[in-house]
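The structure that follows is given in the form of structure tokens.
The values are calculated or read from the model by the stated rules, or taken from the named source; none is laboratory data. All values derive from a computational prediction rather than experimental measurement. Heads up, the Cβs are rebuilt from the backbone with ideal geometry, glycines too, and the neighbour counts pull from every protein chain shown. Please note that ligands, DNA and RNA were not included when accessible areas were found on the heavy atoms of the full protein model with its side chains. Shrake-Rupley method; radii C 1.70, N 1.55, O 1.52, S 1.80 Å.
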There are 2 protein chains.
Amino acid sequence: MSTPSDPSSDASVPASIVEQGVLGENQWEEIGYRGPQVCAIVGITYRQLDYWARTELLRPSLCDAQGSGSKRRYSYLDLVALKVIKNLLDAGVSLKTARKAIDYLREHLGEDLATASLVIDENKSVLARNGEDIFDLVRHGQGVLNIVPLGSVVRQIDAGITELHPSDLVASLEERDAAQIDPQAGLGS
Amino acid sequence: MSTPSDPSSDASVPASIVEQGVLGENQWEEIGYRGPQVCAIVGITYRQLDYWARTELLRPSLCDAQGSGSKRRYSYLDLVALKVIKNLLDAGVSLKTARKAIDYLREHLGEDLATASLVIDENKSVLARNGEDIFDLVRHGQGVLNIVPLGSVVRQIDAGITELHPSDLVASLEERDAAQIDPQAGLGS
DNA sequence: GCTCGTAACTACGAGAGTGTGATCCGGACC
DNA sequence: GGTCCGGATCACACTCTCGTAGTTACGAGC
């Protein structure tokens, strides 16, 4: 992290192809984000990312590590999940609880993320689609609730990507569109 | 905890006086709840209660320990605060975050607890008086929110006291009335 | 005044979640 | 094919939050 290299030169795919958005399906495994990049974007240490991958909290979905010298490859949705974990930690939520939340979130990452909030209960997690849903959960819930606004998470990730690797944003936007994420949408009143 | 003793006999104040509610001001230091009782009511281990007292998370407000053989005395409001901590832990919130929340809560324990919810942000804690307040916090908040419904906390404590020490409830109700707590009140729609 | 029960105190240790630094290894470049 | 660089791996240690077990001391009852 002391000497940030050119993102288009150390990627295995020519920058021109990335910028033109003409990637084939099988080439996705060649791009994505590597460990140190992920740390910078999400705002965590490499030690944390490594530990989380080893303990199965979140392994890179594009390409996992296979011995020294190999390279982990994280997808855009991995970044979102990692940022959710980071935000939960910042809010004082234990990694143990974050594990359960992420297990749930992974199964619903294809849904509309920006308008939803992740609501974590003692026992289970729920995706609340709007303010009404949250209001109901608060009124009927007996215990403590943890609420993660996913829209701001997506915005934080995009800001991190733009800041560090402007050229990579094109590929990320493709994946994000495929996941139906709209960072401009709010919670809706 | 293996041999629960008679609560009216091991208290320093005759049960009749407690039941009649004719205690003087200075006699409050003689009653309250001792360590093992607190553990049973709140649902924590003695080791936790001890650790929390030593690390200044929550010390007994009626009488602190002063060497082996002495006895800690916890007030009813101490029980409420301890149960808030317990609920936060069950929700996966770290003790470190709980510390900050309790620091804030202690300064507002005199307010109407049952209709309020404790809302914990990355940086600060707030007492939300009704559903509208929570709704606003969720809508305008950028990060993760932890919400503790205090009404249910009070109900949990009362249930614990009633189950273990029916005769002690009278004194507790006095203190609770003084603190303007109404366990029947909900959040209010 | 002696015993006894209870509860606070002390010591040791375990497990999670990291920080730090050394080491290893694969691929690019010469 | 040797070197270099980036990144994965490993070893060690540290803090926090307790669990377990043994010790100490206060107060009540005989």
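Using the Karplus curve 6.51 cos²θ - 1.76 cosθ + 1.60 with θ = phi - 60°, work out ³J(HN,Hα) for each residue of the range A:39-44 in order, rounded to whole Hz, and write x for Gly and Pro.
In residue order, the calculated couplings are 4, 5, 5, 7, x, 10 Hz.
Between A:S94 and residues 5 or more places away or on another chain, which pairs have amide H atoms under 5 Å apart, with H built 1.01 Å from N, and which residues are they?
The list, which skips near neighbours in sequence, is B:V93, B:S94.
Is there a simple number for the mean count of other chain Cβ atoms within 10 Å of the Cβ of residues in A:92-104, and what is it?
3
Any idea what the A:Q142 label distances to the other copies are, label 7 Å down the Cα→Cβ vector, nm, shortest first?
In nanometres, ordered from closest: 3.7.
Let me ask something else. In debye, nearest 20: dipole of the range A:117-157 around its Cα centre with unit charges on the Cβ of K, R (+) and D, E (-)? It would help to have the intermediate numbers written out before the result.
Values: 4 positive and 5 negative charges, 31 e Å.
My answer is approximately 140 debye.
Quick one: ranking A:E163, B:E122, B:E132 by accessible area, 1.4 Å probe, largest first, what do you get?
Final ranking, largest accessible area leading: A:E163, B:E132, B:E122.
Put a point 7 Å out from Cα along the line to Cβ at B:Y51; what are the distances to that point in the other copies, in nm, shortest first?
Shortest to longest, the spacings are 1.7 nm.
List the residues whose amide H sits under 5 Å from the amide H of A:R34, counting only those 5 or more places along or on another chain, with H placed 1.01 Å from N in the peptide plane.
A:Y74
Can you list the copy-to-copy distances for A:G110, using a point 7 angstrom from Cα toward Cβ, in nanometres, shortest first?
Distances between equivalent label points, in nm: 5.7.
Further question on the same structure: To the nearest hundred square angstrom, how large is the accessible surface buried between B and A, total for both chains, probe 1.4 angstrom?
Using a 1.4 Å probe on protein heavy atoms, the buried area is about 2200 Å².
Once you place label points 7 Å from the Cα toward the Cβ at A:D103 and B:D133, how far apart are they in nm?
Spacing of the two 7 Å Cα→Cβ label points: 3.5 nm.
Multiply the residue gap between B:A65 and B:Y51 by 0.36 nm, knock off their C-alpha separation, and tell me the result in nm, one decimal place.
Details: separation 14, 0.36 × 14 = 5.04 nm, distance 1.26 nm.
Additional length available on full extension: 3.8 nm.
How far is it, in nm, from the label point at A:S94 to the one at B:E111 when both lie 7 Å from their Cα along the line to the Cβ?
Distance between the two pseudo-spin positions: 2.9 nm.
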